[in-house]
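Taking it in order: structure first as structure tokens, then the write-up.
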Amino acid sequence: MYDIHEYARQITRRHFFRECGVGLGKIALAGLLTDAFAARSSALGTPTQPRSPTADPLAPRQPHFAPKAKRVIHLFMAGAPSQLDLFDYKPQLAKLEGKPLPPSIIGGQRYAFIRPDAAVLGPRFKFAKHGECGAELSEILPYLATVVDDICIVKSVHTDQFNHAPAQIFFNTGFAQPGRPSLGSWVLYGLGSLTRDLPAFVVMSTGSGISGGSANWSSGFLPTIYSGVRLRNQGDPILNVSSPPGVDPRLQRDSLDLIGSFNKRRLETEGDPEIATRIASYEMAFRLQTSAPELMDLRQETKATLEMYGADPDKPSFARACLLARRLIERGVRFVNIYHEGWDAHSDVSGNHKKNCGDTDRASAALVKDLKQRGLLDDTLVIWGGEFGRTPMVETNPALGRSLGRDHHPQAFTMWLAGGGVKAGLTYGATDELGFHVVENPVHVHDVQATILHLLGFDHEKLTYRHAGRDFRLTDVHGQVVMDLLA
Amino acid sequence: MFNNDVRPILAKHCFKCHGPDDKARKAKLRLDQRDAARRGGRSKQPAIVPGHPEQSELIRRIFAEDEGEIMPPPTTKNPLTEEEKQILKRWIAAGAEYRQHWAFVPPKQVPLPKVKQTSWPRNPIDYFILARLEAEGLKPSPEADRYTLVRRLYLDLIGLPPTPEETEAFVNDKSPDAYEKLVDRLLASPHYGERWARRWLDLARYADTNGYEKDRPRSIWPYRDWVINALNADMPFDQFTIEQLAGDLLPGATEDQKIATGFHRNTMLNEEGGIDPLEYRFYAVVDRVAVTGTTWLGLTIGCAQCHTHKFDPILQREYYQFMAFLNNADEPVLPVHRPDITRQRQEIEKKIATRVADLPRHMDNFESKYRQWQEHEAARTVRWTVLRPTRVKANLPHLTVLDDASVFVSGDQSKSDTYDLSFHTDLRGITALRLEVLPDDRLPAEGPGRIYYEGPFGDFFLSEFRVMAGGKKLPVAKATHSFAAGKATADKAIDGDPQTGWSINGGQGRAHTAVFMLAEPLAEGKDLHVQMLFERYYAAGLGRFRISATTDTRPAVARDMPADVEDALLLPEEKRTHEQKQRLLQQFLMTAPELAKERAEIERLRKQMPAYPTTLILAERPPENPRPTFLHNRGEFLQPKERVEPNVFSVLPPLPKEAPRNRLGLARWLVSPENPLTGRVTMNRQWAAFFGRGIVPTLQDFGYQGEPPSHPELLDWLAVELVKQKWSIKKMHKLIVKSATYRQASRVTPELLAKDPHNVLLARGPRVRLEAELLRDAVLRSSGLLSEKIGGPSVFPPQPPGVTTEGAYGQLQWKVSEGPERYRRGLYTFSKRTAPFAMFATFDAPSGEVCVARREVSNTPLQALTLLNDPAFTEAAQALGRMMAARTGTVAERVDYLFRRCLTRPPSPEEKAQLVKFFQMQKHRCERKELDAAKIAGTDNGDVNERAAWTVLARILFNLDEAIVKD
């Protein structure tokens, strides 16, 4: 297995001076290079202490208290799956199908497409209880049913936003407009990175397109080094990771050596620590050119593993992304975001969800299983969920060519979490008999965020960054850790 | 003492509960005002007794040992240090003097400080810098060499590196004013405006798409060009401000001044299906408030959106009063009447007119056919009487009845708008009503609808058309239309289903009609009402329309014939005016089947007619329909409370009595000499552009929480000087670059690194990594590829495939521009908010989603990969490879030239030898076919091995720290 501590050994000063052709310069120079290269976990205190100008922004750091989770894989079901057809079984809806909901329930809720007097739509699938925990799941989640005792289902999540882009950005950054740091960026800022051979916050997309765009993995006002990096489906997996046409590895190495030697001389004459950082960046870039193809080479995986995920090594898919996520965290990556888009079932919720479950169910369950069998699930947090839920009411509109769909529903939706210190086999929270409102143990998106940070060892009120005269945090001025979810 | 030592402590530990926010205030005690602190809070114990710490409750409580007594309460986990406690004690002992926060006190120019090294200063700036250095026991660095200076000046003033020829011209110019001449020449360069516009566009959050999910393209580049032109013309900063915030309100506003208001049209527009448009309009105004605060006042007033500012003296109410200035504008699209396009259009119109006049000649028996047509049409034309509404009403939009009895709709709109029209007519036996939907150039895509987001611009969606008389709904038997979009036919407006309706997509910019035939004739029209419902998952109201009635008993149907033509047809020929006759003739000529072939040519000409580019602007609401502004509880859109009127913050000088309470009044107030902030904030930003760090490092925050200035007197001197120099930014830039401070070498000695790692004291020149766009511009110029064209629509330079499509919801096919458009300067690159240009994002360029006063400067492996491997940089290296291979001279001579092209200075012998060796080695490897030279060099003429070796050498130079950094 890959040893994440290997990095620390590789990048000792001695290695650098030997391998990178840096001669013995002045003491100050050597010091600068050490600063630029060393991963100094002990030298840095709490995440919010001011950092020195030459400090390495990605050096591993200790959180506020002992963490349960050390890394996160977030399976973001963009477009918003229907909790009513996957997790939150409401037989009452079947009974009321075709009738409008009483206005007293709907209140003043604004809807994206439907009129508030739209009729009720019953669950589209059969449900059954699974596992020892007896959690109820829809028939279109047969694989998840096999790991149901390892996950924690939360049926009472609610959000403030009822449109995709704002709701996705809200889930990821705690604020509905672009401009704030994303969860992954906060985690990197707080914990630093365990690898220099790969980006520490990786983003994949396996569907039709992410409404909130790059704001979802932006570092906002945090330094840009904490931004998510796209692992792409076409061309280079990481932008520009391949050398230009015709440039062979030797030429690339020779070129980097020459660049390094010029930059080193520059560092000697100019003395600016940023030059040392640049020298280090070029070396890391070179290593990325090797580690990225190695990461992507799924032929190293056994047939059984590929089979378990349902992944074709050469074809981009959610399954392949999940397998890559496992490989990424094995290699020291802190935060992996996989966006699977296309759950926005304004029409034919049944057909839409059959397809999306077909694309995601097996691999999501395989990921949990695989992490568990490799002993990684204990300190890896897996999160599955969308940006909001879907209405108990039907969306039907011949003018738009829609029938038997469901509209956006911010009042209640379901997510599941696994590993990383979360109570396995728990089903938490409940909605009313129509699945409209949360009636038990409401969990706001800010609470989810606070809980994730808690699992990673952070007091969400203390993980702050001073920007524009204010200490900002992921949960703004809200958020309660949901203690009931903790193992 | 107060501003430097005491207020920061109070702000950090006390103001949250005992500060300006009356909602958060505990124990009714406030410590941000001296009188209030002396009075004390609920306990009536004076918190502060000047001169007597022992009698001051504040001192007792901060030194208390009892958990319940101690302040700040231990639960806040925000304890005072021993030193802080002592400072507060000493301050009270000394009289507890309060001082206004430095940034709110008007700046003054103090006499220049005395310095020892009197030979060093070149202008006033240097006295301030040197005095501080001498106080800290430091010496300034020597002046940088001429190569460094010429590169620094070029990069700073025009954002491009000098060519070797330009470099030599300066280096060899031995005249005493060589430096000044160069500065003047660069300030006069048209590239100056480009370089400085990009920085301003960061604040303006400029982008070429709308943002959010759909992120569709928008056209607002004329605003970007306005900024470039204004900066090139050295438009005084006060005027620059006024035109951008309120150009539309200036008397006799020119088209340019309207274009300038695009500054605040750079807000995002959410086009996601099903959003509440009013909610996102509100967020856009929230953004305008924040951006105005950051850009001119250096204040983070956004905090007061949700509650009274915890730290700065800004009340929540004041926030919304400030918002009221910016909340009273409509947001139209302006066609930019460029003279060249007007000329082309006139030429084509002339050709069309000639051809139309010529049409009758192409028809046999024209006269008799025309007569027959008139008779035939007249016989089947129904007589319509235009009804002028006696009363118009709508849920939210503003309906105005025009002279021709048509109704124009303006103001805000929602996803469900209802127009109510009342009529009083003497007509008896009304059998049908006609709805004319009319184009109007004030509407999106010239109307007739008001759709401005998500749906087809200028369309509408008439869900229901209801007729009522005497309080009863009249059944409509049949509805017909002259034009409809697909299945959205007029009869869908009478089917009782609000989800279906009539729309005209594809017919924008033209008039159309729908006719609604009543089931039973209406005996009396004295109490006639028409109600129209527009309901869609986006706002889809009508923008201009007119209602008519007929009593004709023949079944009336909608016809594709303009109403005025119908009117003319019904008149006896002798009663028709000349104009009516012309209209009839036109109608005949444009519809007669026999002329189809000839008309095709006319159609072809029409299609050639170039459209005017458009841009987004602000237009103040008409006085009869102002938009009210409310205080919003907790800043929430859905919680409006009491109405507020425009006003400025009480901590700053008041708005003059005679000033208009609108954006113009606000803009003038911002740049009035009394405003203590605008001059400082503006000069601080200029300073940061040159030195990489502001005198106040928090460029966006001059409030209590911002960092204090390193050289307060210099900042004030510059702020006052800016006004003295009539707000000329170019003069201020000249002043800065002529200073000895600016001209220092940038070498970092170990001593300086230890003493002043951030170069706050400026004992050396700046070293700053080039901004994303400038880095690319520099490589393009070095490689000879750069197109120097200024302005115009944004372009699509090469970038790796998939950046704007993969994973992006609002996918944009990045169709790479051809020819010189591939090599335009970075600020012309199409800026897509949700999927920014990859290279720029990697180098910290903003996405245009928020206002950025200071870009991050990161230094990452992904940047290295971009410069090493990105196809655009490869292309530039190949261009240089071509250039070098074609150049005469020895390898060493050419290496020298290549080096100068990329790094300005000549290489040292050691460097040259290293590069020559590298070149020879790679050439050798190519010749031995170890390397695929053709792949490296690209296809072209000339010795491929040479080109390849030069290409890889150029690539090395692009990646050197020295090429990436301005020093």
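The values are calculated or read from the model by the stated rules, or taken from the named source; none is laboratory data. What you see is a predicted model, and the numbers here were worked out from it, not measured in a lab. With ideal geometry, Cβ positions are generated from the backbone for all residues, glycine too; neighbour counts draw on all protein chains shown.
Evaluate the following for B:A853: is it over 28 Å from B:Q744 (Cβ atoms) and out of contact with any strand residue (DSSP E or B) (no Cβ under 8 Å at 6 or more places or on another chain)?
Details: over 28 Å from B:Q744 (Cβ atoms): no; out of contact with any strand residue (DSSP E or B) (no Cβ under 8 Å at 6 or more places or on another chain): yes.
No.
Restricting the first residue to the stretch B:799-816 and requiring it to be within 8 Å of chain A (Cβ to nearest Cβ) and touching a residue at least 24 places away in the same chain (Cβ under 8 Å), which pairs with a second residue that is among the acidic types (D, E) and part of a loop (DSSP other than H, G, I, E, B) meet a Cβ separation below 6 Å and a spacing of at least six or different chains? Qualifying pairs under 6 Å: B:Y809/B:E213; B:G810/B:D215. When restricted to residues that are among the hydrophobic types (A, V, I, L, M, F, W, C), crowded, with 24+ Cβ neighbours inside 10 Å and modelled with pLDDT under 95, the stretch B:818-842 contains 1.
For the condition over 22 Å from B:I125 (Cα atoms), among the β-branched types (V, I, T) and modelled with pLDDT of 95 or more, what is the one hit in B:V648, B:V681? Lay out the reasoning, then the answer.
Values: B:V681 fails: over 22 Å from B:I125 (Cα atoms).
From the options B:V648, B:V681, the qualifying one is B:V648.
Consider A:D476 carefully, then state whether it is in contact with a Phe, Trp or Tyr (Cβ under 7 Å, 6 or more places away or on another chain), more than 30 Å from A:A118 (Cβ to Cβ) and part of a loop (DSSP other than H, G, I, E, B). Here the answer is yes, as A:D476 does meet what is asked. One residue is enough: does the stretch A:240-254 have a residue meeting the conditions more than 7 Å from chain B (Cβ to nearest Cβ) and of a type in the set (A, V, I, L, M, F, W, C)? No - not one qualifying residue is present in the stretch A:240-254. Pairing each residue of the stretch A:246-259 that is under 21 Å from B:R947 (Cβ atoms) and free of Cβ contacts under 8 Å to residues at least 60 places away in the same chain with any residue that is among the hydroxyl-bearing types (S, T, Y) and assigned to a helix (DSSP H, G or I), provided the two are 6+ apart or on different chains, yields C-beta distances under 8 Å for A:V247/A:S255; A:I259/A:Y282.
B:F240 fulfils the conditions (1) assigned to a loop (DSSP other than H, G, I, E, B); (2) away from chain A (no Cβ under 14 Å); (3) aromatic (F, W, Y); (4) over 14 Å from the mean Cα position of the chain (by Cα) except for a single criterion, (1).
Is it the case, given these coordinates, that B:G509 is away from chain A (no Cβ under 14 Å), assigned to a loop (DSSP other than H, G, I, E, B), surrounded by fewer than 22 Cβ atoms within 10 Å (Cβ to Cβ) and out of contact with any strand residue (DSSP E or B) (no Cβ under 7 Å at 6 or more places or on another chain)?
So B:G509 passes the test.
Here's a check for you: in the stretch B:549-568, which residue that is touching a Leu at 6+ places or on another chain (Cβ under 7 Å) and outside the structural domain of B:L387 (by TED's automatic domain parsing) is surrounded by the most Cβ atoms within 10 Å (Cβ to Cβ)? Among residues in the stretch B:549-568 that are touching a Leu at 6+ places or on another chain (Cβ under 7 Å) and outside the structural domain of B:L387 (by TED's automatic domain parsing), the one surrounded by the most Cβ atoms within 10 Å (Cβ to Cβ) is B:A568. Checking each residue in the stretch B:282-319 for being surrounded by fewer than 21 Cβ atoms within 10 Å (Cβ to Cβ), basic (K, R) and more than 11 Å from chain A (Cβ to nearest Cβ) picks out only B:R317. Of all residues in the stretch B:867-901, count the ones that are part of a helix (DSSP H, G or I) and touching a residue at least 60 places away in the same chain (Cβ under 8 Å). Counting residues in the stretch B:867-901 that are part of a helix (DSSP H, G or I) and touching a residue at least 60 places away in the same chain (Cβ under 8 Å) gives 20.
Give me the residue from the stretch A:218-261 that is among the basic types (K, R) and farther than 19 Å from B:D932 by Cα and, out of that set, surrounded by the fewest Cβ atoms within 10 Å (Cβ to Cβ). Before the answer, list the steps.
As a first pass, look at the stretch A:218-261 and keep what is among the basic types (K, R): A:230, A:232, A:250, A:253.
Applying the additional criterion that residues be farther than 19 Å from B:D932 by Cα yields A:230, A:232.
Values: A:R230: 23, A:R232: 21.
Residue satisfying both the conditions and the ranking: A:R232.
Restricted to the stretch B:666-688, and to residues there that are surrounded by 19 or more Cβ atoms within 10 Å (Cβ to Cβ) and among the small types (G, A, S), the residue that is nearest to B:P106 (Cα to Cα) is B:G679. Of all the criteria given as (1) under 30 Å from A:P63 (Cα atoms); (2) away from chain B (no Cβ under 14 Å), the one not satisfied by A:T146 is (1). Against the list (1) crowded, with 19+ Cβ neighbours inside 10 Å; (2) closer than 28 Å to A:R265 by Cβ, the condition B:Q914 fails is (1). Take the conditions in a helix (DSSP H, G or I), in the same structural domain as A:R374 (by TED's automatic domain parsing) and either of a type in the set (D, E) or at pLDDT 95 or above (or both) and apply them to A:L258. Does it pass? No: the conditions fail for A:L258.
Screening the candidates B:F637, B:F630 for the property of being surrounded by 14 or more Cβ atoms within 10 Å (Cβ to Cβ), part of a strand (DSSP E or B) and within 26 Å of the chain's Cα centre (by Cα) yields one hit, B:F630. Taking the criterion of being closer than 29 Å to B:L670 by Cβ, modelled with pLDDT of 90 or more and of a type in the set (S, T, N, Q), the residues of the stretch B:70-125 that qualify are B:Q109, B:N123. Only one entry of B:L249, B:L245 meets the criterion of being buried (at least 20 other Cβ atoms within 10 Å of the Cβ) and more than 16 Å from the chain's Cα centre (by Cα), and that entry is B:L249. The residue that is farthest from the other protein chains (Cβ to nearest Cβ), counting only those in the stretch B:854-865 that are in a helix (DSSP H, G or I) and out of contact with any Phe, Trp or Tyr (no Cβ under 7 Å at 6 or more places or on another chain), is B:L862.
Per-residue answers, yes or no, for (1) buried (at least 18 other Cβ atoms within 10 Å of the Cβ); (2) part of a loop (DSSP other than H, G, I, E, B):
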| residue | (1), (2) |
| --- | --- |
| A:N263 | yes, no |
| A:E268 | no, no |
| A:S281 | yes, no |
| A:M284 | yes, no |
| A:Q289 | yes, no |
| A:R299 | no, no |
| A:T305 | no, no |
| A:M308 | yes, no |
| A:P313 | no, yes |
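Pick out, from the stretch B:162-220, the helices (runs of 4 or more DSSP H) lying fully within it that include 2 or more residues that are within 25 Å of the chain's Cα centre (by Cα) and among the aliphatic types (A, V, I, L, M). Don't jump to the end; show me each part of the working.
Details: elements: B:164-171, B:178-188, B:190-203.
Those helices (runs of 4 or more DSSP H) span B:190-203.
Could you tell me which residue of the stretch A:368-408 is farthest from the other protein chains (Cβ to nearest Cβ), considering only residues that are in a helix (DSSP H, G or I) and closer than 29 Å to A:Q449 by Cβ? Give the steps one after another, and end with the answer.
Filtering the stretch A:368-408 down to residues in a helix (DSSP H, G or I) leaves A:368-373, A:377-379, A:398-400.
From what is left, the residues that are closer than 29 Å to A:Q449 by Cβ are A:368-372, A:377-379.
On the way: A:V368: 24, A:K369: 27, A:D370: 24, A:L371: 24, A:K372: 29, A:L377: 27, A:D378: 31, A:D379: 26 Å.
By that ranking, first place goes to A:D378.
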